[in-house]
Every structure is written in structure tokens, then in C-alpha cells.
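Chemist: Structure incoming, see below.
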Amino acid sequence: MKASDQYRRLAQRIRGYAVKMTNCRSSGHVGSSLSMADIVAVLYGRILRVDPANPRWPERDRFILSKGHAAAGLYGALVEKGFFPKEWIDTYYGDDGRLCGHISHHVPGAEFSTGSLGHGLPVAAGMALVAKRQKRNYRIFCLMSDGDCNEGSTWEAIMFAAQHRFDNLTAIVDANRIQALGKVSDIIDMEPFARKVEAFGWAAREIDGHDVEQIEKTLLAVPFRKGRPSFVIARTVKGKGVKSIENTVGSHYRCIPDEKLKEVYEELGVSDAFPV
Amino acid sequence: MRSLFNKVLLDIAEKNDRIYMVLADIGYGEIEGFAERFPDRFFNVGVAEQNMTGVACGVAMEGNIAVTYSIANFPTLRCLEQIRNDVCYHKANVKIVIIGGGLAYGALGVSHQATEDLAIMRALPDMVVLAPADFAEAEAAVHAMIAHDGPVYYRCGYKKEPALHGGPIDFRIGRAIQVRDGSDLTLIGTGTITYRAFEAAGILESQGVKARVLSMHTVKPLDREAVLAAARETRAVVTVEEHNVLGGLGGAVAEVLAEAGGGVPFLRVGLPDSYIHLVGSHNWLLDHYGFAPQAIAASARRLLEGRQ
């Protein structure tokens, strides 16, 4: 199988897990999990140097999911990589469960707990600082949401990382253009996003966040410029892969109901892995 | 005390290359020693306390000890969620240091008065809360803070605090230091205000009342044994803190006493639950708000005599 086909397959399975987990407990954020699935698939399929047998391997790349509400979109990748047993998936959000609704460092493979926006990038910058000062080779990737970029603390970290030329740090925005109460363009329009972060001293690229080949090529190219942190604005579709909820604010809150599950798994092409 | 703090930290950092300072553009005249000696371990993130705390957490997550440092409420309240979610939840080895607890910067106004810090920091799981009373405790507390693996809040004094202890001290996190013994009542202080409680004990003695004085330099974990012994061995307990009367040392001691039962007469001497907008020097404000040694002694005597 071609690498790109493998990424697509992994991405669809990540979507399957996200649909399954959120359905089980009628929890939210399925749209946010679906939009980032292709990015996460390429990260775990190729980019990140991690060892599922040794999740705290000192030389691992650090991956911080700052949009912690999309944990359901990361757990699938971690389970597919073998960080924890598949049975845990069924305990998502449940009584005495192993997996909570926002990402937690108590889950093997999850670097850092988030859930309140604007926390990921400052911590990632701290890790980048140590790598630079102690001449360590690990790299730091931070996946953020549109809403993350409303937070002042994110911009504090953007300024700080540029000041200290952390070119071992890559921020990726899953720019699905919809935040909690509506369209990004109606709430806090980030545009011209790339020019903004370039003006803040980062090297920015805009890509199609569902084109796995483009994601791979872009992430293999970091740092885009020596001495500058890299910023990837990945244009995505909220709820991507499930037509009935794509581009809807509601996908931030509602899960796929039982009666639609079979149809959705077929749409994602993962019916074999997710029998109803 | 702040100069001493910086000197001691610098000394420790000479021998411990895992110590980083992460600041938010505060510390003029004090932090230059560290900055010049260890430029690779010193970062001024600019006026950005949330990022300061997040960066410190990231530094600590990589096996280091990160010290954030600022005055009054800046490194606590502005970035409280970073302290809670990032530092405490991850048990990150971050030390949060404030200069000038209570009304030390009183004349600068309410923004610069750290008068709810003990209550708020104490409510965070895994946080150790230290408020040394004098130079001897301050020095020992820096060593204890660095030796402790996990989050610590350190409320440092400002300058020219008098010595509470006459000789060497046995400073251990979570263990109160008895400054003087007494059988009639116990005064429990935390931070630099403890010296005034000590002076109050002297006044009480001249009036025939023997007061025990405890320096409760660790507000969390609280020395329950010392509190219970005070309730058992003396006839009344008074807490003295440069802090809102709600939720700080007085609250912590009240929790222990209430759960133990026994009904020992108890009084919290602290700041009223309102903002301090009177303008004046540190000492003037303290006197005004009932922290003059004579006033503390009078309050304690009223409690003892059941006239409260």
C-alpha cells in the first residue's frame, strides 16, 4: 500500500473511533475530532518519532494536543499505534473509564493534558526552550484549533517562540473555520492568518488539511526557515467525512445517533472495523 | 527578604544546573545576578504571566526545576488556570515565587496587595504553600522548596524584616516552629506578620498571660499536630495572617479545630473581607487594620476572657 493510502486508511479509522466513542456516551466534539483526523494520521503515520512500547522515551518528539476537546480524534491514533489496549475505547467517558473527554497525560502516549484553550503552545514553547538550551534533538508539535488562536496566551507564546528562534517548534492549526458559537469569520476573523503569524516572526504555510500528501510534504519540510518556528494553517472542514454534519456548528455538540451509525461507518469505509 | 531569596537561589543554582528562572519582566535590581551568571537558564518572557507559567511548566516537564517570580498577584491570579491545569495537574516541578505578600506594596494600591493568595494557592491539589517569617526561615525555605519534587508557592517578604528567631532553626515543610512556649494561649502566625504576633506575646507576658507562639511557615500541608497540641495544651488559639480572614491560615486552622471538636476558643486576626483602599505605608496599614502588637494582644486577651 502506498504511504498516502495508509494515511487515508488510518485517518478513516481515527474517524471511526471518534464517531464510536462520542456515540457511546452521547458526548460532543465529534466535528472537531473529524476535522483533524488527516493531520493526526500523517503525524502518527510518519512524522512523529515515538515509541508505543516506551511512551516516555526521552528522545521522542513531543506532540501536544492543545485542542484537548478533540481527544476522541487522538485516542484512535494512539490505539492504532498500540499505546494502549483497544478495550479502553469502550470505556471513553464512562463510569470508571480510562479515557476522559479532554486529553489527559494519564493516557499512555498523550504528552500533556489540555481542555482549556490557549494552554498548549506556551508549554510547547517551554519544551522547545529546553531542547535548544540542552542541545536535545526532540522536536515539538502543537496542534491547535481556531478557538485556541483567540486566546491571548497563545499569542504570548507566539511572540516568545519567535523571539528565541525556536525552529524546533511547529504549530499546526486545524482551521476548520467554525468555533463554539459560530463561524470564525463572524466571531474573531483570523485573516489574513498567515500574514499575521509571519509578521510575528514565524514561517507560515497554508495547506489543505485533508490532503495527506500535502500534509506529509509540509511536515517533512519543517523547519521551513532556519531560526524560525513553523506555523501550518491546515484548512479543514469541521465534521469532515460525515456529510450530514460537515460544516455545522452543531457537530461541536452532538454525536452521531445510533440509527445513523451503520450508514456513517459505511460512508467512512470502516464498516469492517466497526460492526454495528 | 527578596534580596536574600535571590542570593540563596543563585547559590543553589551554582550547584544545580537544572534550575531555570522564567520571569515576566519583573525583578529589577534583584534578578540580575542570576541572569548574568546563568544566561542559558534565565528567561524573561515579557509582560505575559500566562506564557511565563506555561513555559515554566514545559521546562519542568523536561526534568528541570522552573522558578517563576514576580510581585504580589501577577504570577498567581493572572495565570491561575495555568497553575492549576498545567503545573499542579501534571505535578510539574514549578516554584511560584511572589515578592511582597499581603500589604507590603500597600501604598501602590489594591492591584499590588496579595491578600487572597494563601487561600487560593492552598485550594490547589499538590501545591505546597510556604510563607517564611524572617530571613532564617526564608533561606531555609528556598532550600526546602528546591528539594521538594512538585509545585511550591513561596510568599516572600519585601525588605528589612526583623529576625524572629534568635538562633538556628529546624525548618521542615509542614512542621511549625515554636518560637516561644506558653500555657495560656497560642498565637499562630504565618509569613512576616508573625513577628508582630511574637511582640504581642511579649506584651501579654507583661500582663501575666503566657502565650505560645508558632511560626506556621507552611500553610499547606498544615502542621495539624502543632494545632491540635495548641488546642490541647493552651486555653485559646489565635491565628495572625496578613491576608483576608477567609480561607488562609485562619481557615486552615479552623478546619482542623472544628473537625477535632473540643470547642477551644478561637480567633482569626486578619484583613477584613473588603479591598484596602486606604493609602499608607506597610506599617501604617498594618497598624490601622489591627495588627499593632498591642491590638493583637488585646484581641487575644478578650478571647481568653470570653469577652469577644
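The values are calculated or read from the model by the stated rules, or taken from the named source; none is laboratory data. Computed from a prediction, not measured in an experiment: that's the story for all the values here. Here Cβ is always computed from backbone atoms with ideal geometry, including for glycine, and neighbour counts include all displayed protein chains. Each accessible area value is taken on the protein alone, full model and side chains, heavy atoms only, with ligands, DNA and RNA left out. Shrake-Rupley method; radii C 1.70, N 1.55, O 1.52, S 1.80 Å.
Chemist: Can you tell me which condition B:PRO132 does not meet? The list is (1) surrounded by fewer than 24 Cβ atoms within 10 Å (Cβ to Cβ); (2) part of a loop (DSSP other than H, G, I, E, B); (3) in contact with a strand residue (DSSP E or B) (Cβ under 8 Å, 6 or more places away or on another chain), and all the others hold.
Modeler: (1)
Chemist: Return only the number of the condition from (1) among the hydrophobic types (A, V, I, L, M, F, W, C); (2) assigned to a loop (DSSP other than H, G, I, E, B); (3) more than 9 Å from every other protein chain (Cβ to nearest Cβ) that A:LEU143 does not satisfy.
Modeler: All conditions are met except number (2).
Chemist: How many of the residues making up the range A:147-175 are away from every other protein chain (no Cβ under 14 Å) and open to solvent by less than 10 Å² (accessible area, probe 1.4 Å)?
Modeler: Result for the range A:147-175: 6.
Chemist: Counting only residues that are hydroxyl-bearing (Ser, Thr, Tyr) and open to solvent by 30 Å² or more (accessible area, probe 1.4 Å), which one in the range B:3-60 is nearest to the other protein chains (Cβ to nearest Cβ)?
Modeler: B:TYR28
Chemist: Output the number of the condition that A:THR218 fails; it satisfies all remaining conditions of (1) of a type in the set (Ser, Thr, Tyr); (2) within 20 Å of the chain's Cα centre (by Cα); (3) farther than 22 Å from A:GLU191 by Cα.
Modeler: Answer for A:THR218: the failing condition is (3).
Chemist: Output the number of residues of the range A:51-78 satisfying the condition of being surrounded by fewer than 23 Cβ atoms within 10 Å (Cβ to Cβ), touching a Phe, Trp or Tyr at 6+ places or on another chain (Cβ under 7 Å) and not charged (D, E, K, R).
Modeler: Count: 2.
Chemist: Okay, moving on. Can you tell me how many residues within the range A:14-60 are among the charged types (D, E, K, R), closer than 20 Å to A:HIS106 by Cβ and modelled with pLDDT of 95 or more?
Modeler: Selection size over the range A:14-60: 3.
Chemist: Related question: Starting from residues that are under 15 Å from the mean Cα position of the chain (by Cα) and basic (Lys, Arg), keep the ones in the range A:14-50 and report whichever is most open to solvent (accessible area, probe 1.4 Å).
Modeler: The qualifying residue most open to solvent (accessible area, probe 1.4 Å) is A:ARG46.
Chemist: Let me ask something else about it. Could you say which residue among A:GLY101, A:GLY118 is away from chain B (no Cβ under 13 Å) and open to solvent by less than 40 Å² (accessible area, probe 1.4 Å)?
Modeler: Sole residue among the options that is away from chain B (no Cβ under 13 Å) and open to solvent by less than 40 Å² (accessible area, probe 1.4 Å): A:GLY101.
Chemist: Looking at B:VAL67, is it facing chain A (nearest Cβ under 8 Å) and touching a Leu at 6+ places or on another chain (Cβ under 8 Å)? Before the answer, list the steps.
Modeler: Working: facing chain A (nearest Cβ under 8 Å): no; touching a Leu at 6+ places or on another chain (Cβ under 8 Å): yes.
It is false that B:VAL67 is facing chain A (nearest Cβ under 8 Å) and touching a Leu at 6+ places or on another chain (Cβ under 8 Å).
Chemist: Which ones in the range A:60-87 are farther than 21 Å from A:GLY45 by Cβ and either within 12 Å of another protein chain (Cβ to nearest Cβ) or of a type in the set (A, V, I, L, M, F, W, C) (or both)? Write out each step before concluding.
Modeler: From the range A:60-87, those farther than 21 Å from A:GLY45 by Cβ are A:68-69, A:87; that's our starting set.
Residue satisfying the conditions is A:GLY68 alone.
Chemist: Quick one: in the range A:121-144, of everything that is in contact (Cβ under 8 Å) with a residue 40 or more places away in the chain and open to solvent by 10 Å² or more (accessible area, probe 1.4 Å), which residue is nearest to the chain's Cα centre (by Cα)?
Modeler: Across the range A:121-144, the extreme among qualifying residues is A:ARG139.
Chemist: Which residues, taken from the range B:124-162, are of a type in the set (Lys, Arg) and free of Cβ contacts under 8 Å to residues at least 12 places away in the same chain?
Modeler: B:LYS160, the sole residue that qualifies.
Yes or no, residue by residue, for (1) within 27 Å of B:ALA133 (Cα to Cα); (2) at pLDDT 95 or above:
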{"position": "B:GLU30", "(1), (2)": "yes, no"}
{"position": "B:VAL45", "(1), (2)": "no, yes"}
{"position": "B:ALA56", "(1), (2)": "yes, yes"}
{"position": "B:ILE83", "(1), (2)": "yes, yes"}
{"position": "B:VAL97", "(1), (2)": "yes, yes"}
{"position": "B:GLU116", "(1), (2)": "yes, yes"}
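Chemist: Quick check on the range B:167-177. Is at least one of its residues surrounded by fewer than 21 Cβ atoms within 10 Å (Cβ to Cβ) and modelled with pLDDT under 95?
Modeler: yes
Chemist: Out of (1) of a type in the set (Asp, Glu); (2) within 14 Å of another protein chain (Cβ to nearest Cβ); (3) part of a helix (DSSP H, G or I), the odd one out for A:GLU111 is which?
Modeler: Going through the list (1) of a type in the set (Asp, Glu); (2) within 14 Å of another protein chain (Cβ to nearest Cβ); (3) part of a helix (DSSP H, G or I), A:GLU111 breaks only (3).
Chemist: Here's a follow-up. Name every residue in the range B:61-86 that is open to solvent by less than 20 Å² (accessible area, probe 1.4 Å) and touching a Gly at 6+ places or on another chain (Cβ under 7 Å), in order of residue number.
Modeler: Residues satisfying the conditions are B:TYR69, B:ALA72, B:GLN82, B:ASP86.
Chemist: Just checking, does the range B:98-107 include any residue being open to solvent by 20 Å² or more (accessible area, probe 1.4 Å) and assigned to a loop (DSSP other than H, G, I, E, B)? Quick ask: steps written out before the conclusion?
Modeler: Taking the range B:98-107 first, the residues open to solvent by 20 Å² or more (accessible area, probe 1.4 Å) are B:105, B:107.
Adding the requirement that they be assigned to a loop (DSSP other than H, G, I, E, B) leaves B:105.
Checking the range B:98-107: at least one residue is open to solvent by 20 Å² or more (accessible area, probe 1.4 Å) and assigned to a loop (DSSP other than H, G, I, E, B).
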